[in-house]
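The values are calculated or read from the model by the stated rules, or taken from the named source; none is laboratory data. Just so we're clear, the structure is a prediction, and the values are computed from it rather than from any experiment. Cβ atoms come from the backbone with ideal geometry, glycine included; neighbour counts cover every protein chain shown.
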Amino acid sequence: MCNPRRIEVRATSTLSRTWQETLTRTASATVDVTGEARLRQPFGTLLGSPLRHAFEQALGADPRWTWSDGAYRLALEDGEVAYHPGTGEIEMTARRSGLAEARGSASRTVSGRITANTDATASGTYYGDGWAGQTEAYVRSQLHSKLQKESDRKAEQEADQQEIRARDRGRSQLADQQGEIDELAADDARRNLGAVAERARAGLDRQASEQLAETRDTYLRPVNLVLRTAYRDTIEAYARAHGAQNLSVDEDGDGLVIEFEIEG
């Protein structure tokens, strides 16, 4: 058996890893949207000339109706009714309103790469004559295998620590940019708002059209009330012009009863 000899073995590890941090912010934008439906129909042209004249005079005398843009107009809860003397048409407008909301988002990313370099060393003994199998190659191989595992473990630990520090710096960098990212998200929401508002308006237009079809009589009721006044004034004027006696007018709700006597 030869004298033992010592050797020193060294194992190295290099571990490279990428990392990425992303900050995403969201925002919303809103706008009031109104849908509308209109319907025109003949009215004044269906009345006799004296009654049409009396109807238009009654509209002008009724404080609930206002003159605007060439028509007598009356605002209703969900729209408007108007009478156009020039054409004799009644125009009914239904409106439905709602709030359109659009969402937007913006992201910003920071990334990087970390590299960990580690090593591990140890010494061992072998025998020149290979006593007990302890040749230099065998001892060196055994030591290197053990040291490589240790070096790899240290590299993993070092890489983990580096990544933690790098991600912390990245998150801090993104936090400093949060105001800019918020503004980008708000810009995105505002850009999206136009299309969202158009879709909402189209839906409200359909609702307004359905409302107008279902509640058309509601829009015509104030018109008919003025027409009732016109009938009353026209008939009273006729009765008085022909010397009528015992003239009486009874307005009950939407009804109108006029009685008088004219000698033949």
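Tell me yes or no: at least one residue of region 196-204 is assigned to a helix (DSSP H, G or I), under 23 Å from T24 (Cα atoms), in contact with a strand residue (DSSP E or B) (Cβ under 8 Å, 6 or more places away or on another chain) and among the β-branched types (V, I, T).
Keep residues of region 196-204 that are assigned to a helix (DSSP H, G or I), which gives 196-204.
From what's left, under 23 Å from T24 (Cα atoms): 196.
From what is left, the residues that are in contact with a strand residue (DSSP E or B) (Cβ under 8 Å, 6 or more places away or on another chain) are 196.
Pick out the ones that are also among the β-branched types (V, I, T) and you get 196.
Yes, the conditions are met somewhere in region 196-204.
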In region 109-159, how many residues are of a type in the set (K, R) and outside any helix (DSSP H, G or I)?
1
Against the condition over 18 Å from R221 (Cα atoms), loosely packed, with under 14 Cβ neighbours inside 10 Å, under 33 Å from the mean Cα position of the chain (by Cα) and modelled with pLDDT of 95 or more, how does T109 come out, does it pass?
yes
Search region 213-241 for residues that are modelled with pLDDT of 85 or more and pair each with any residue that is aromatic (F, W, Y) and assigned to a helix (DSSP H, G or I) when their beta-carbon atoms are under 7 Å apart and the residues are at least 6 apart or on different chains.
V226/F55; L227/F55; A230/F55
Can you tell me which residues in region 121-156 are under 60 Å from the mean Cα position of the chain (by Cα) and touching a residue at least 24 places away in the same chain (Cβ under 8 Å)?
Q148, E150, S151, D152, K154, A155, E156
May I ask you to verify whether E158 is in contact with a Phe, Trp or Tyr (Cβ under 8 Å, 6 or more places away or on another chain) and at pLDDT 95 or above?
no
Assess whether A94 counts as being aliphatic (A, V, I, L, M) and free of Cβ contacts under 8 Å to residues at least 40 places away in the same chain.
no
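R96: among the basic types (K, R), under 30 Å from A175 (Cα atoms) and assigned to a strand (DSSP E or B), yes or no?
Working: among the basic types (K, R): yes; under 30 Å from A175 (Cα atoms): no; assigned to a strand (DSSP E or B): yes.
For R96, the condition - among the basic types (K, R), under 30 Å from A175 (Cα atoms) and assigned to a strand (DSSP E or B) - is not met.
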What's the number of the only condition in (1) surrounded by 14 or more Cβ atoms within 10 Å (Cβ to Cβ); (2) modelled with pLDDT under 95; (3) over 30 Å from D62 (Cβ atoms) that E263 fails to meet?
(1)
If you go through region 176-224 one residue at a time, how many are under 25 Å from R40 (Cβ atoms) and either among the hydrophobic types (A, V, I, L, M, F, W, C) or more than 28 Å from the chain's Cα centre (by Cα) (or both)?
16
Just to be sure I understand the filter: pairs with C-beta atoms under 7 Å, separated by 6 or more residues or on different chains, first member in region 46-68 and more than 15 Å from H84 (Cα to Cα), second member polar (S, T, N, Q) and surrounded by 12 or more Cβ atoms within 10 Å (Cβ to Cβ). Which pairs pass?
P50/T234; L51/T234
